[in-house]
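These notes are about the structure you will find just below.
What follows draws every value from the coordinates through simple rules; no lab data is involved. As the structure is a prediction and not an experimental result, all values here were calculated from the model. Please note: Cβ atoms are built from the backbone with ideal geometry, for glycine as well, and neighbour counts cover all protein chains shown.
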Amino acid sequence: AAPIDSRFLFVDIAAMRAKQLRRGARPRLDDDEMPVDANRPQPRKAERVAMEEVRRGLVLYDVPPAKPGV
């Protein structure tokens, strides 16, 4: 998939992925790959995990072509 240039597309894709994670999908990130900051706990919320997966290009997506006349 092409890199995401639109923040709106990023949000849409991350939201769909977070929904999948909340429904029981397995995260695509390894614990070793999660960013480590001594002052912050590891993110475990589905939304944060989904955003990190999208940022790293681990989520495939498809943008349908625009309909003619719209």
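Add +1 for every Lys or Arg and -1 for every Asp or Glu among the other residues with Cβ under 14 Å from the Cβ of residue 63, and state the total. Don't jump to the answer; show the numbers that get you there.
Numbers: positive: 67; negative: 5, 12, 62.
Every neighbour counted, the sum reads -2.
Evaluate the distance, in nm, between pseudo-label points positioned 7 Å from the Cα of residue 61 and of residue 20 along their respective Cα→Cβ axes.
Each label point lies 7 Å from its Cα, and together they span 1.2 nm.
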